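Asks: Have a look at this one.
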Amino acid sequence: MAHLICGVYQRDEGPPRAAADVAAAMLDALPGRGRTGRIDLGATAFGHRGIWEDGAEPVREPAVGQGGRRTTGSGSGRGLAAVADARLDNRAELADAFGLAGPERGGVEDCELILRAYERWGEDCPQRLLGDYAFAVWDAGQRSLFCARDAVGARPLYYSPGPGRRFVFASDIDAVLAAPGVEDDLDEAFVARYLSAANPVASATFFRAVRSLPPGHSIAVNGRAERIRRWWRPEDAPDIRLGSNEAYRQAFLEHYRRAVRDRLDDTGEIGAHLSGGLDSSSIAVLAARELRPSGRRLHALCWHPPPNDSQPEEEAAEYRLIESVCAQEGLE
């Protein structure tokens with residue numbers, strides 16, 4: 001759930017371990033202090049690094065998953081592998097779709113679910129995933145690489161078509177620039193637009209050789225070309241027509257409850273930040289009430305210190321609002 005990822009696709013396989021050596025250089029450039037992992041697949045190599053030191057965060061491992069040779073709907077075998085920086089919120093829905101039950105259901109990694117989603121739905125799989133994610137899947141049968149980013153761009157993904165026949169990607173620009181042959185020349189047009197507050201090209205970065213995969217987009221790479229696709233558009237949301245203001249209110253609350261429920265991980269403890277405003281307060285209240293029937297408690301967090309004589313009145317008022325929410329819901 002908290003990883004930075006990187007990878008390389010060597011279109012012409014090149015010297016032995018060419019992709020593995022590039023991935024190793026990129027992995028060294030990824031920030032973070034957690035454990036690292038790498039998987040070498042011949043023409044492709046993936047890597048990941050945890051953001052925090054081991055034990056500082058409860059993460060699902062591994063961030064790199066291999067599907068081996070599963071059977072597809074057509075009956076042909078495919079070698080699949082994936083790397084993901086992801087937190088999936090519809091794990092139960094996906095587990096149902098894949099027929100997972102018992103211990104397998106609770107223990108399956110987010111990366112494995114993404115792998116299964118690609119196997120089932122191909123390049124349409126991002127539409128079935130709810131959460132924050134950036135991932136890449138290597139399909140050995142098709143000799144293709146597929147990368148995607150979540151709808152709002154919560155997890156970054158940068159890439160470079162690279163020099164010659166190489167395609168590289170990573171969560172961090174420094175890792176992309178660490179790939180041999182990727183130049184660090186500034187994109188002066190992007191810098192000018194950025195400094196003038198003009199809207200830059202969505203995929204541009206400060207470096208000519210590096211691109212950002214826009215939110216809600218995917219990119220498919222094979223031996224010949226890259227194909228970018230926009231898989232999510234806000235205008236595609238269905239039109240809603242109800243009979244009264246009360247009906248809209250009830251429909252909104254049900255949607256809001258489901259959104260909060262989907263994000264209550266079934267492993268570990270849950271905390272919510274409270275600022276005294278309507279948004280954080282309503283999320284905390286809904287989360288606490290969703291957890292209560294199962295005997296779980298919500299932990300309330302805030303950065304406001306308790307009121308004191310030197311504190312501005314508006315800050316003290318916010319703290320009193322936080323205290324009132326905690327008192328109402330029995331939060332500590």
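Asks: Scan the range 185-199 and report the pairs whose first residue is without any contact (Cβ under 8 Å) to a residue 40 or more places away in the chain and within 14 Å of ARG211 (Cα to Cα) and whose second residue is open to solvent by 80 Å² or more (accessible area, probe 1.4 Å) and basic (Lys, Arg), with Cβ atoms within less than 7 Å and a gap of 6+ or a chain change.
Replies: Note: pairs meeting the criteria are ASP185/ARG208; ASP187/ARG208.
Asks: Among the residues of the range 288-331, which ones are basic (Lys, Arg), part of a helix (DSSP H, G or I) and within 19 Å of ARG257 (Cα to Cα)?
Replies: If the condition is that a residue be basic (Lys, Arg), part of a helix (DSSP H, G or I) and within 19 Å of ARG257 (Cα to Cα), then ARG289, ARG292 are the ones that fit.
Asks: Shifting gears a bit: Can we say LEU286 is out of contact with any Phe, Trp or Tyr (no Cβ under 6 Å at 6 or more places or on another chain), under 26 Å from LEU129 (Cβ atoms) and open to solvent by less than 80 Å² (accessible area, probe 1.4 Å)?
Replies: Yes; evaluated as a whole, the condition is true for this residue.
Asks: Same structure again: Can you go through VAL137, VAL152 and tell me which one is closer than 22 Å to ALA43 by Cβ and among the hydrophobic types (A, V, I, L, M, F, W, C)?
Replies: Testing whether each residue is closer than 22 Å to ALA43 by Cβ and among the hydrophobic types (A, V, I, L, M, F, W, C) leaves just VAL137.
Asks: Here is a follow-up. Tally time: how many residues in the range 7-47 are in contact with a strand residue (DSSP E or B) (Cβ under 7 Å, 6 or more places away or on another chain), part of a strand (DSSP E or B) and open to solvent by 10 Å² or more (accessible area, probe 1.4 Å)?
Replies: 5
Asks: Let me ask another. Do you know which residues across the range 268-283 are touching a strand residue (DSSP E or B) at 6+ places or on another chain (Cβ under 8 Å), surrounded by 14 or more Cβ atoms within 10 Å (Cβ to Cβ) and not in a loop (DSSP other than H, G, I, E, B)?
Replies: Passing the criteria: ILE270, ALA272, SER280, ILE283.
Asks: If CYS147 passes every condition in (1) surrounded by fewer than 22 Cβ atoms within 10 Å (Cβ to Cβ); (2) under 17 Å from LEU30 (Cβ atoms) but one, which one does it miss?
Replies: Tallying (1) surrounded by fewer than 22 Cβ atoms within 10 Å (Cβ to Cβ); (2) under 17 Å from LEU30 (Cβ atoms), CYS147 fails exactly one: (1).
Asks: Yes or no: ARG211 at negative phi, at pLDDT below 95 and open to solvent by 50 Å² or more (accessible area, probe 1.4 Å)?
Replies: no
Asks: Mind checking whether some residue in the range 166-189 is open to solvent by 20 Å² or more (accessible area, probe 1.4 Å) and among the hydroxyl-bearing types (Ser, Thr, Tyr)?
Replies: no
Asks: Restricting attention to the range 1-22, which residues are among the small types (Gly, Ala, Ser) and modelled with pLDDT under 95?
Replies: Within the range 1-22, ALA2, GLY14, ALA18, ALA19, ALA20 meet the criteria.
Asks: Next question, about the same structure. Filter the range 165-184 for residues that are without any contact (Cβ under 8 Å) to a residue 60 or more places away in the chain and over 22 Å from the mean Cα position of the chain (by Cα) and give the result.
Replies: GLY181, VAL182, GLU183, ASP184
Asks: Another question, then. So which pairs qualify, if the first residue must be in the range 89-104 and within 11 Å of ALA117 (Cα to Cα), the second must be modelled with pLDDT of 90 or more and open to solvent by 20 Å² or more (accessible area, probe 1.4 Å), the Cβ gap must be under 6 Å, and the two must be at least 6 apart or on different chains?
Replies: Hits for this filter: PHE98/ARG116.
Asks: Determine the pairs where a residue that is touching a residue at least 24 places away in the same chain (Cβ under 8 Å), located within the range 241-266, has a partner that is among the small types (Gly, Ala, Ser) with Cβ atoms under 7 Å apart, the partner being 6 or more residues away or on another chain.
Replies: VAL260/ALA287; LEU264/ALA287
Asks: A further question follows. Within the range 226-243, track down each residue that is assigned to a loop (DSSP other than H, G, I, E, B) and open to solvent by 50 Å² or more (accessible area, probe 1.4 Å).
Replies: TRP232, ARG233, ALA237, PRO238, ASP239, ILE240, ARG241, LEU242, GLY243
The values are calculated or read from the model by the stated rules, or taken from the named source; none is laboratory data. Just so we're clear, the structure is a prediction, and the values are computed from it rather than from any experiment. Please note: Cβ atoms are built from the backbone with ideal geometry, for glycine as well, and neighbour counts cover all protein chains shown. Each accessible area value is taken on the protein alone, full model and side chains, heavy atoms only, with ligands, DNA and RNA left out. Shrake-Rupley method; radii C 1.70, N 1.55, O 1.52, S 1.80 Å.
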